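K.L.:
Encoded as structure tokens, here's the structure I'll be asking about.
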Amino acid sequence: MTATVGPQAQAAAQANDVWKLYGSGEAQVAALRGVTAEFERGRFTAIMGPSGSGKSTLMHCLAGLDSVTRGTVSIGETTVTGLGDSGLTKLRRDKVGFIFQQFNLLPTLTAQENILLPLSIAGRKPDPAWYDTVIDTVGLRDRLKHRPAQLSGGQQQRVACARALVARPEVIFADEPTGNLDSRSGAEVLNFLRNSVREHGQTIVMVTHDPTAAAYADRVIFLADGQIVSELVEPTADTVLDTMKKLDTPTEVAR
Amino acid sequence: MFRATWKSLLARKVRLLLSGLAVVLGVMFVSGAFVLTDTLGRSFDAVFADGYSNIDVIVSAKPKVELSEAEGEQVAAPVPASVVDQVKAKVPAATDVTGLVNADGARLIGSNGKVVTSFGPPQLGENWVGENDLIQLRDGSREPRADDEIVINQALADAAKVKVGDRVGVLTLEPKKEFTIVGVFGYSGGRDSMGGVNEVVFTTPVAQRLMLGKPDTFSSVSVQAADGVSAERLRDDVSAALGAGYEVKTGEQAAADQAASLKEALSFFNKVLLGFAAVALLVGTFLILNTFSIIVAQRTRELALMRAIGASGRQIIGSVVLEAIAVGLIASVLGLAAGIGVGALLAYLFGKLAGGLSLAGLGVPPAAVIGAFGVGLVITVVAALLPALRASRIPPIAAMQDVATPDRPLTKVTVAGGIVTAIGATLLFLGLDGHAGDNTLATILGGVLFAFIGVALLTPLISRPVVSLLGALFSWSVPGKLGRLNSGRNPRRTAITAAALMVGIALVTGVTVILDSAKGSISKLAADTIKAELVISGAQSGPRPPSFDPAVLEQAAAIPGVQLVDGEYGDMGTVNGTRTWVAASSNVAALQRIFGAKATAGDISRLGPDQMLFSSDTAKSRNVSVGSQVTVQLSRGEARTYTVSGIYESSELTNPVLLPPQAAADFAIPQPIQGFVQLAPGAKVADVQPRVETLLADSPEVSVADRDAFIKQQTSQLDTPLRMIQILLALAIVIAVLGIINTLALSVLERTRELGLLRAIGLRRAQTMRMITVEAVVISIFGALLGVVVGTGLGAAVVRALKDEGITDLILPWGQMAVFLVLAAIIGVIAAVLPAVRAARINVLGAIAHD
Ligand SMILES: Nc1ncnc2c1ncn2[C@@H]1O[C@H](COP(=O)(O)OP(=O)(O)O)[C@@H](O)[C@H]1O
Ligand SMILES: [Mg+2]
């Protein structure tokens, strides 16, 4: 099944018949099996699916962190597939933002320095107005001089979000950004991500297995056994949960 | 528990390898030193045993002045020729009684006009007593028959590039004489020399005159036993026949005695090498301590889990110590093997340098094995003890907590560091100030050791501000800034790594400060006092100082424009029974007019044949005043009594005592070893110097230089020991570099996820490498900075203490210090290469997924 594209939107990231195989021979695992998907600009897309369905793998391939076995991936105008290390580094630096489940920040740097790190690495100056907007949105102004160890998990994740946003990348990839947070902190982070899409037109692709988190997105893609099996637009926690349940049963039967 | 230990050891093999390497190097040094001295010792044994192999009993006279190997070649007292007849007449068991002349100081002038020098083995002048089992003339040779004929050994002929039939000059007790080489000889087994000794063999009367200075005397008499008579019996018979006053030994005994005195010098050499090994091991200890600390920190959760499932604190200590023992054992084995190799190599090089010493088989003395394992194991276990204790205190709860090891406060370390440093400083003060009596050296060394450890303990505290200051130099780029932050991240780790580098650099700096100060002070003093425009002297390469024809002194005095000429003679003699360096001057007036000496008592402007002068210090210590009667025994001749006629003020340039020129005839070297030429006002150096040079044509060991060149040449003699110390300490620095590599490699490993994150958000490979390099450079410059400061402190303390010995100026080698800092930066870059490459190669995805 192929995910459809809204006519008004232009693709920020694209996967074209992407296969990802791990290992060889008997031990070979197909983590992705012909995934084709487009992620529209200015939208918040969630990738859902049971554990081991290939969500992280898809995200890694899209972000240029991992190579694909077959098929092509592109981000904006850039074809990711076939880029060398320096090309990939440049891509990550200039076009992509990351939010990981944990360990997002350098312990030696303050929150502010962490936020500005990608820009410093690229040798770019932040746009001061945008920087202020981001800081105010994440609500960290009074914590800027603190080091990660002095921040709570939720605050740390918000710093990570700010870091991803401040460079205004083509697309932000987030892998279970709320996986390690309690529900309140999680909700804060998710709200913040949704707002940055709604108010500032940021493109976000988020991997999650939590229906509540997926409900914050504009669109949900469901993965199972390395294939896209379903899709929801304007999801709610209930519709997501329903879809998940439906998906679970046939797979169970198929086995 | 054992299984767990073994598994964790295997898992960390690379990390342990690096720290193990430090132990390997230290152990290598220790065992290499023992192997070297053992092999050389047995080689010398063999040489002497061989030399005496065809002698049953040897008769000699007690030397007038006994010297150790380090003090120079001892002059044997002459044995009168009548002893030969006495033995022949009175000892029926004696068959072949031969008088032997055998003395150091026969210097052959090679075909290039220069004297063939030796770096240790003597240059013997002998009398020809015929071929035997040991000595065989080579083809085309014959024995010397006429007074101007000599034979020489093959190695000397090769070194001098001369052959049978050539006319050559030989310097002996007398100035240059010309001889015809009528033969070249070798030794049994086709050898060209015996342990690198050069031999010039004259006819007996010539040898007696030129080598002993007295006709009808010998250095020793060899006696062969009749069939059926043991050497011991013959010895007793000869001894009984000659009565007291002679030393009668079997050949075997004489060989052993001679070898023993050489081995004394070797054992000193051994101690020096072991000293450097100790430095290397001290540095290695820091390195191992650091590695085990890091390993324990990294294993916190694992160890806590072990505690949670019931392992006792003791078992945890046991597991860490076991790991240390394994590392120590492996390192000791490797170090021993490497040490045997290095010892063999050095022995080979030494043999070559000594002119073909044929080496005895390579030996591994028990001391080498015991030293290797003792040192390797003890150092490793001691270094691991502290981390082991810390490991045992990890609470089981740590297994459940996801905390990096919290930054422990530095108060305790700092207090301990302060106390240890204070102890070190106190010991240094006591030692340097001369309060420690016989234990001065031990006290000073202990002080240095404590000072190093104390400063190392203080280093974490110092590291924060200094590292952030140093790092500020690199903070203009993002990788530089990250590198700086990383180096300040773990003050203890940075501190120990830097402290390891500190030790080597501090010692080099300290020694440089001391030697530079000594050089500067002596140069200044010499320039201020010596009022001679020209100086005759030569560079000393072996134990024997170069000398020249005394006739040159008078001839130089006759050159127009020359006002005053002084020739200086010197000898180790005894003054009232105590060994003392005694000097004689050809012109006593020079004492005041060239050396600016001042009389403190009596008259020092003239000296009768039975009078002598004392320096004020020596006079005081010997309790001598003007008018005192003093007994002086020189290397040759009988003891004589002199009357003290004057006392001059001591300075670093004055001799302890001064004898009249006539006394020089009884010196071991009865020729001047330095000459000072003072010009008349208005005379030009450029006019006089070439004329003096001409006079020295037959004294090729020396040349004439202006005063500044002379002072430079004299002080430059300190450069050789300085270079050697620097080279030996370089090993300690190499080990410290291993430490930096190790620390960085471990840090890279620890920060895998961080590196992955950085790469994920766009840090390029080159930038990653730069970040690691900055960290290394900051650590190494910090270490060098510490070393330079501590070394300067130590050096300055010693210089201050030596103020009374004439080191009045403290000279700081700024240039050298700058070189050390630059070197440290380079060291940092080199040390960073491997860890940086490793960091750059980190798989981004793998690092992020890394749990
Ligand atoms: N490095 C790898 N080597 C082998 N198999 C892998 C690797 N990474 C992921 N897989 C496999 O690929 C499949 C998808 O994994 P992943 O994308 O991590 O799933 P999800 O993130 O949805 O839980 C799983 O079956 C997993 O075991
Ligand atoms: Mg996943």
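The values are calculated or read from the model by the stated rules, or taken from the named source; none is laboratory data. Small disclaimer: the values here were computed from a predicted structure and weren't measured. Cβ sites come from the backbone with ideal geometry, for glycine too, and all protein chains shown count toward neighbours. Calculation scope for accessible area: heavy atoms of the full protein, side chains included, ligands and nucleic acids excluded. Shrake-Rupley method; radii C 1.70, N 1.55, O 1.52, S 1.80 Å.
K.L.:
What are the residues in the stretch A:212-237 that are in a loop (DSSP other than H, G, I, E, B) and away from ligand 2 (no atom under 16 Å from the Cβ), if any?
P.N.:
Pass one, the stretch A:212-237, residues in a loop (DSSP other than H, G, I, E, B): A:215-218, A:225-226, A:234-236.
Across the stretch A:212-237, the qualifying residues are A:ALA215, A:TYR216, A:ALA217, A:ASP218, A:GLU234, A:PRO235, A:THR236.
K.L.:
Could you please let me know if A:GLY139 is farther than 21 Å from B:VAL478 by Cβ and either open to solvent by less than 50 Å² (accessible area, probe 1.4 Å) or small (Gly, Ala, Ser) (or both)? Lay out the reasoning, then the answer.
P.N.:
Details: farther than 21 Å from B:VAL478 by Cβ: yes; either open to solvent by less than 50 Å² (accessible area, probe 1.4 Å) or small (Gly, Ala, Ser) (or both): yes.
In short, yes.
K.L.:
Note down all Cβ pairs under 7 Å where the first residue falls in the stretch A:41-54 and is open to solvent by less than 30 Å² (accessible area, probe 1.4 Å), the second is near ligand 1 (Cβ under 6 Å from one of its atoms) and not hydrophobic (A, V, I, L, M, F, W, C), and they're at least six residues apart or on different chains.
P.N.:
Final answer for the pair search is A:ILE47/A:LYS55; A:GLY49/A:LYS55.
K.L.:
Right, B:ALA847: within 16 Å of ligand 2 (Cβ to nearest atom), within 30 Å of B:MET769 (Cβ to Cβ) and in contact (Cβ under 8 Å) with a residue 12 or more places away in the chain or not?
P.N.:
Working: within 16 Å of ligand 2 (Cβ to nearest atom): yes; within 30 Å of B:MET769 (Cβ to Cβ): yes; in contact (Cβ under 8 Å) with a residue 12 or more places away in the chain: yes.
Spelling it out, B:ALA847 is indeed within 16 Å of ligand 2 (Cβ to nearest atom), within 30 Å of B:MET769 (Cβ to Cβ) and in contact (Cβ under 8 Å) with a residue 12 or more places away in the chain.
K.L.:
Within the stretch B:732-750, identify whether any single residue is away from chain A (no Cβ under 12 Å), under 21 Å from B:LEU274 (Cβ atoms), within 39 Å of the chain's Cα centre (by Cα) and open to solvent by 40 Å² or more (accessible area, probe 1.4 Å), and answer yes or no.
P.N.:
Yes, because at least one residue in the stretch B:732-750 is away from chain A (no Cβ under 12 Å), under 21 Å from B:LEU274 (Cβ atoms), within 39 Å of the chain's Cα centre (by Cα) and open to solvent by 40 Å² or more (accessible area, probe 1.4 Å).
K.L.:
Could you check how many residues of the stretch B:210-228 are surrounded by 18 or more Cβ atoms within 10 Å (Cβ to Cβ) and either outside the structural domain of B:ASN153 (by TED's automatic domain parsing) or farther than 16 Å from B:VAL79 by Cβ (or both)?
P.N.:
Applying the first criterion (surrounded by 18 or more Cβ atoms within 10 Å (Cβ to Cβ)) to the stretch B:210-228 yields B:210-213, B:217-225.
After this cut, where a residue has to be either outside the structural domain of B:ASN153 (by TED's automatic domain parsing) or farther than 16 Å from B:VAL79 by Cβ (or both) as well, the list is B:210, B:224-225.
Count: 3.
K.L.:
Could you list all residues from the stretch A:55-78 that are more than 16 Å from ligand 2 (Cβ to nearest atom) and either modelled with pLDDT under 90 or open to solvent by less than 50 Å² (accessible area, probe 1.4 Å) (or both)? Lay out the reasoning, then the answer.
P.N.:
From the stretch A:55-78, those more than 16 Å from ligand 2 (Cβ to nearest atom) are A:64, A:67-78; that's our starting set.
A:GLY64, A:SER67, A:VAL68, A:GLY71, A:VAL73, A:SER74, A:ILE75, A:GLY76, A:GLU77, A:THR78 - these are the residues of the stretch A:55-78 that are more than 16 Å from ligand 2 (Cβ to nearest atom) and either modelled with pLDDT under 90 or open to solvent by less than 50 Å² (accessible area, probe 1.4 Å) (or both).
K.L.:
Just the residues that are buried (at least 23 other Cβ atoms within 10 Å of the Cβ) and modelled with pLDDT of 85 or more, please, taken from the stretch B:59-76.
P.N.:
B:VAL59 - this is the single residue of the stretch B:59-76 that is buried (at least 23 other Cβ atoms within 10 Å of the Cβ) and modelled with pLDDT of 85 or more.
K.L.:
Shifting gears a bit: If you scan the stretch B:599-632, which residues turn out to be on the phi > 0 side of the Ramachandran plot and assigned to a loop (DSSP other than H, G, I, E, B)?
P.N.:
To start, the set of residues in the stretch B:599-632 that are on the phi > 0 side of the Ramachandran plot comprises B:602, B:623, B:627.
If the condition is that a residue be on the phi > 0 side of the Ramachandran plot and assigned to a loop (DSSP other than H, G, I, E, B), then B:ASN623, B:GLY627 are the ones that fit.
K.L.:
Of all residues in the stretch A:169-186, count the ones that are among the hydroxyl-bearing types (Ser, Thr, Tyr) and within 16 Å of ligand 1 (Cβ to nearest atom). Working first, answer last.
P.N.:
Restricting attention to the stretch A:169-186, the residues satisfying the condition of being among the hydroxyl-bearing types (Ser, Thr, Tyr) are A:178, A:183, A:185.
From what is left, the residues that are within 16 Å of ligand 1 (Cβ to nearest atom) are A:178.
Summing the residues that are among the hydroxyl-bearing types (Ser, Thr, Tyr) and within 16 Å of ligand 1 (Cβ to nearest atom) in the stretch A:169-186 gives 1.
K.L.:
Sticking with this one: Among the residues of the stretch A:40-67, write down those that are more than 6 Å from ligand 1 (Cβ to nearest atom) and within 14 Å of chain B (Cβ to nearest Cβ).
P.N.:
Taking the stretch A:40-67 as the starting set, the residues that turn out to be more than 6 Å from ligand 1 (Cβ to nearest atom) are A:40-48, A:50, A:58-67.
Hits for the stretch A:40-67 are A:LEU58, A:MET59, A:HIS60, A:CYS61, A:LEU62, A:ALA63, A:GLY64, A:LEU65, A:ASP66, A:SER67.
For every residue, the table says whether it meets (1) free of Cβ contacts under 8 Å to residues at least 60 places away in the same chain; (2) closer than 25 Å to B:ALA49 by Cα; (3) among the aromatic types (Phe, Trp, Tyr); (4) open to solvent by 60 Å² or more (accessible area, probe 1.4 Å).
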position	(1), (2), (3), (4)
B:SER319	no, no, no, no
B:LEU322	no, no, no, yes
B:LEU346	no, yes, no, yes
B:LEU377	yes, no, no, no
B:LEU389	no, no, no, yes
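K.L.:
Kindly indicate whether any position in the stretch A:190-211 is part of a helix (DSSP H, G or I), within 16 Å of ligand 1 (Cβ to nearest atom) and open to solvent by less than 40 Å² (accessible area, probe 1.4 Å). I'd like the intermediate steps shown before the answer.
P.N.:
Our first condition is that a residue be part of a helix (DSSP H, G or I); within the stretch A:190-211, this holds for A:190-200, A:211.
Filter once more, so that each one left must be within 16 Å of ligand 1 (Cβ to nearest atom): A:211.
Within this subset, residues satisfying the condition of being open to solvent by less than 40 Å² (accessible area, probe 1.4 Å) are A:211.
For the stretch A:190-211, residues part of a helix (DSSP H, G or I), within 16 Å of ligand 1 (Cβ to nearest atom) and open to solvent by less than 40 Å² (accessible area, probe 1.4 Å): present.
K.L.:
Within 14 Å of chain B (Cβ to nearest Cβ), β-branched (Val, Ile, Thr), more than 23 Å from A:ALA215 (Cα to Cα) and away from ligand 1 (no atom under 16 Å from the Cβ): which single residue out of A:THR72, A:THR108, A:THR81 fits that description?
P.N.:
Values: A:THR72 fails: within 14 Å of chain B (Cβ to nearest Cβ); A:THR81 fails: within 14 Å of chain B (Cβ to nearest Cβ).
Selected residue: A:THR108, the only one of A:THR72, A:THR108, A:THR81 that is within 14 Å of chain B (Cβ to nearest Cβ), β-branched (Val, Ile, Thr), more than 23 Å from A:ALA215 (Cα to Cα) and away from ligand 1 (no atom under 16 Å from the Cβ).
Conditions (1) away from chain B (no Cβ under 12 Å); (2) open to solvent by less than 50 Å² (accessible area, probe 1.4 Å), marked per residue:
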position: A:LEU116; (1), (2): no, yes
position: A:ASP132; (1), (2): yes, no
position: A:LEU144; (1), (2): yes, yes
position: A:GLN155; (1), (2): yes, yes
position: A:GLU170; (1), (2): yes, yes
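K.L.:
Of all residues in the stretch A:118-130, how many are open to solvent by 40 Å² or more (accessible area, probe 1.4 Å), assigned to a helix (DSSP H, G or I) and within 14 Å of another protein chain (Cβ to nearest Cβ)? Give the steps one after another, and end with the answer.
P.N.:
Quick first cut of the stretch A:118-130, residues open to solvent by 40 Å² or more (accessible area, probe 1.4 Å) only: A:120, A:123-129.
When the remaining residues are screened for being assigned to a helix (DSSP H, G or I), the result is A:120, A:128-129.
Narrowing the set further to residues that are within 14 Å of another protein chain (Cβ to nearest Cβ) leaves A:120.
Qualifying residue count for the region: 1.
K.L.:
Which residues, counting only those in the stretch A:95-105, are over 18 Å from A:ARG143 (Cα atoms) and more than 7 Å from chain B (Cβ to nearest Cβ)?
P.N.:
Hits for the stretch A:95-105 are A:LYS95, A:VAL96, A:GLY97, A:ILE99, A:GLN101, A:GLN102.
K.L.:
Give the residue, chosen from B:LEU823, B:LEU845, that is surrounded by fewer than 21 Cβ atoms within 10 Å (Cβ to Cβ) and within 14 Å of chain A (Cβ to nearest Cβ).
P.N.:
Values: B:LEU823 fails: within 14 Å of chain A (Cβ to nearest Cβ).
Just a single option satisfies the conditions, and that option is B:LEU845.
K.L.:
Could you check the stretch B:99-134 and list, in sequence order, the residues that are among the hydrophobic types (A, V, I, L, M, F, W, C) and part of a loop (DSSP other than H, G, I, E, B)?
P.N.:
First pass over the stretch B:99-134, keeping only residues among the hydrophobic types (A, V, I, L, M, F, W, C): B:100-101, B:103, B:106, B:108-109, B:115-116, B:119, B:124, B:128-129, B:134.
Within the stretch B:99-134, B:VAL101, B:ALA106, B:VAL116, B:PHE119, B:TRP128, B:VAL129, B:LEU134 qualify.
K.L.:
While we're on this one: If the requirement is being within 16 Å of ligand 2 (Cβ to nearest atom) and open to solvent by less than 40 Å² (accessible area, probe 1.4 Å), which of these qualifies: A:LEU91, A:LEU32, A:LEU106?
P.N.:
Values: A:LEU91 fails: within 16 Å of ligand 2 (Cβ to nearest atom); A:LEU106 fails: within 16 Å of ligand 2 (Cβ to nearest atom).
When all the criteria are applied, what remains is A:LEU32.
K.L.:
Out of curiosity, is B:ALA311 within 30 Å of B:GLY32 (Cα to Cα) and open to solvent by less than 60 Å² (accessible area, probe 1.4 Å)?
P.N.:
Details: within 30 Å of B:GLY32 (Cα to Cα): no; open to solvent by less than 60 Å² (accessible area, probe 1.4 Å): yes.
So B:ALA311 fails the test.
K.L.:
Looking at B:GLY608, B:GLY596, B:GLY577, B:GLY573, which is the one that is in contact (Cβ under 8 Å) with a residue 12 or more places away in the chain, out of contact with any Gly (no Cβ under 9 Å at 6 or more places or on another chain) and buried (at least 21 other Cβ atoms within 10 Å of the Cβ)? Walk me through it before giving the result.
P.N.:
Details: B:GLY608 fails: buried (at least 21 other Cβ atoms within 10 Å of the Cβ); B:GLY596 fails: buried (at least 21 other Cβ atoms within 10 Å of the Cβ); B:GLY577 fails: buried (at least 21 other Cβ atoms within 10 Å of the Cβ).
Result: B:GLY573 is the single residue among B:GLY608, B:GLY596, B:GLY577, B:GLY573 that is in contact (Cβ under 8 Å) with a residue 12 or more places away in the chain, out of contact with any Gly (no Cβ under 9 Å at 6 or more places or on another chain) and buried (at least 21 other Cβ atoms within 10 Å of the Cβ).
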